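Have a look at the structure below, then the notes.
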Amino acid sequence: MIPQTKAYIALIFICIVWGTTYLAIRVGVLHYPAFLFAGVRQVISGIVLLTGALLVNKNKDMSWPNIRRQMLVGFLLLTVGNGCVTWGEKTVPSGIAALICSLMPIFAVLFNLVSSSREKFNWIIGAGMLLGTGGVALIFRHSITEVSNSAYLLGIGAILLATSCWALGSIINRKNTNPVNPFFNSGLQLFFGGIFMLVLSPAVDDFSNFQPWDKNGLIALAYLIVFGSVLAYTAYMYVLSKLPVGIATIYAYVNPLVAVVLGALLLHEEVSIYTVLAFVAIISSVVIVNRGYRKQNQLTKDSYNGNPVAGTAASDS
């Protein structure tokens, strides 16, 4: 099987599994402090992945530059990205959390635009961003009674922060690909990301409702370790190494639909017309922004190759 075919199979797996993790996280945080729960999940997952990676491939890069890079990516993707989503789901329904996280490709495009002088903003990207903002506004309209709830607003803010850091971490990880045993590097990211969460846990977690031996909480933790972290995170790192970021992040279109449906069926989370409209607006915005970004990339490529096309970046902005 050719690598790209494997990458697309891995992407389908991610689309399904990461959509279910929002439900598992929601169940977990009903019984565990959020950062403690996420930290234990990622540390165990990291140890499992590191062990498996070394059994398959003895090669590893233990140099300080590589360790430092994996620590940074782990902090962005997991400590902030996964940790803040987990923390946010203590007050935000799993389906709403997934809808907000589906904005991740838009943040990725924005970071790319800011970090490269060759890439320019255009009206298509702007229109997509406005539509995405409208989708977030619809989420607030769906939960209008919660707007005065500071805990709910903090949860929304934490998930937005997590989404932006996941996008930034994905870009940094792709731009600094280390060919020496990438699965070992993924294990380092999981391990260090989890360690940072455990360090932060005493400062940010509420231990008043800690139920360490609750059956549902333990099942959720086990599911997240095996499927959400070890298998899906490894698959994501593989997809990032084989496919363009725009394709690799397509899971963001599917995850919220899976999460909203499961949240409604299993946790009886409310799905109103505003939830549906928010889903349509956000997913459409991601498609539009990606289209504008691809168009701008093509214009830039043609310009640098000395082949100007009809319609420049300036005329599109």
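Each value in this text was obtained by applying a stated rule to the coordinates, not by laboratory testing. As the structure is a prediction and not an experimental result, all values here were calculated from the model. All Cβ positions, even for glycine, are placed from backbone atoms using ideal geometry, and neighbour counts span all protein chains on display.
Couple of notes before you dig in:
- Compared with the alpha-carbon gap, the fully stretched path from residue 284 to residue 265 is longer by 4.4 nm at 0.36 nm per residue.
- Per-residue Cβ neighbour rank within 10 angstrom, fewest leading, 6, 58, 90: 58, 6, 90
- Checking the cross-link pairs 120/242; 6/120; 60/242 against a 22 Å limit on the alpha carbon distance flags 120/242; 6/120 as lying beyond it.
- Take the Cα of residue 150, step 7 Å toward its Cβ, do the same at residue 277, and the gap between the two points is 3.1 nm.
- Prolate/oblate/rounded call for region 159-219, Cα gyration tensor, a/c under 1.5 rounded: prolate
- If the chain linking residue 172 and residue 47 were pulled fully straight, counting 0.36 nm for each residue of separation and taking away their Cα-Cα distance, it would gain 42.7 nm.
- Near residue 87: Cβ cut-off under 15 Å, other residues only, Lys/Arg at +1 and Asp/Glu at -1. The net charge is 0.
- Computed E for residue 211/residue 5 - FRET, C-beta separation, R0 30 angstrom, nearest 0.05: 0.10
- Gap separating the Cα centres of region 1-52 and region 74-100, nearest whole Å: 13 Å
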